[in-house]
Amino acid sequence: MKRIVSYTFATLFLIVASSAQAQSRFDNVEVTAEQVNGNVHMLTGFGGNIGVSAGDDGILIIDDQFAPLAEKIAAQLDKLGSDAPKYVINTHYHGDHTGSNAFFHSHKGATVFAHSNVRVRLANDEEIEPEALPTVTYEDGIKLYFNDDVLHVIHLPTGHTDGDSVVWFEKADVLHTGDLFFNGMFPYIDLGAGGSVEGYMDSVRILLDKISDETLIIPGHGKVSNKAEYAAFLAMIEETFAFVKAKKAEGMSVEDVVKSGLDEKWGTWNWNFITTERWINTLYTDA
Ligand SMILES: [Zn+2]
Ligand SMILES: [Zn+2]
């Protein structure tokens, strides 16, 4: 069960990224930029939100969506100062966050940073070209002194995957969580790649402890957010996990939990990739 759930989701992104149909779908995607705070910006298109530091030192980006969007991302970065980022940081290995690595590394000369498990997972994937692999890896994290700010790149274990990193801009007080936050949506937890529900909640608790009410958050998916919304996201996971765990302990099958559903107050968290059914499956598998 565990395997099927995560495999299905991972392949979904691969299929989306590689089919000809998807190419025309990407053709219609518009990449747009918004200022988050100071010299920190966010780009949205299709896939994980891209964090940007733009200033006198040049451009640094956090995540880079899918390969077919690389030129469009570069065009937006150009407006912020340069289409050639000096550094790319990958928050984890998923294709909607690392798809343009090869483009920015090979064509634009970027150095790509990630947790060591991100490189291992990408290297083990036959579909991934060697140019897409991170060129600098770390275990616990790194600090980058860039554009008059200090970027704390922090690894958190066994949450969304086994190679998760977040980036906190100390001066701008902006946190890019990668996929440790899906704003207002049920999260994807990659149980087949070292993620876990308990670990995911632990990571979110650690991050909530680090930030203040003024901190602005770039989530992996969804709109720019804040601590209160992040806390509400954690509460949703805690409550739905406790609920599904109790049903499983009572001996209820996953099919029956899906059939009876979650409290209707969680209905708005359902979305096309992680439906209520898929979320219950994840919780049940890991309970
Ligand atoms: Zn994602
Ligand atoms: Zn992800």
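Computed values, structure above
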{"item": "The stretch 9-286, accessible surface, carbon-and-sulfur percent (1.4 angstrom probe)", "result": "49 percent"}
{"item": "Per residue solvent-accessible surface (Å²) - the chain, probe of 1.4 Å", "result": "43 Å²"}
{"item": "Separation of alpha-carbon centers, the stretch 86-131 and the stretch 21-79, rounded to whole Å", "result": "15 Å"}
{"item": "Contact order relative to length of the stretch 9-286, as percent, for alpha carbon pairs under 8 angstrom and 6 or more apart", "result": "13 percent"}
{"item": "In order through the stretch 120-131: 3J(HN,Hα) via Karplus (6.51 cos²θ - 1.76 cosθ + 1.60), integer Hz, x for Gly, Pro", "result": "4, 5, 5, 5, 7, 9, 4, 7, 8, 6, x, 5"}
{"item": "Folded to 0 to 90 degrees: helix 276-286 orientation relative to the chain principal axis, Cα", "result": "80 degrees"}
{"item": "Spatially proximal lysines relative to LYS108 (Cα-Cα < 26 Å; intrachain offsets below 8 disregarded)", "result": "LYS72, LYS79, LYS86, LYS143"}
{"item": "Structure-based [θ]222 nm, the chain - -39500 (n - 2.57) summed over DSSP H runs of at least 4, per residue, nearest 500", "result": "-11000 deg cm²/dmol"}
{"item": "Between 0 and 90°, nearest 10: helix 197-210 axis offset from the chain longest Cα axis", "result": "50 degrees"}
{"item": "GLU34-ALA246 pseudo-label distance in nm [points 7 Å out on the Cα-to-Cβ vector]", "result": "3.6 nm"}
{"item": "Estimated FRET transfer efficiency when R0 is 41 angstrom, pair ALA235-GLU139 (beta carbons, to 0.05)", "result": "0.85"}
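The values are calculated or read from the model by the stated rules, or taken from the named source; none is laboratory data. All of these numbers come straight from a predicted model, not from anything done at the bench. Here Cβ is always computed from backbone atoms with ideal geometry, including for glycine, and neighbour counts include all displayed protein chains. For accessibility, only protein heavy atoms count, side chains too; no ligands or nucleic acids. Shrake-Rupley method; radii C 1.70, N 1.55, O 1.52, S 1.80 Å.
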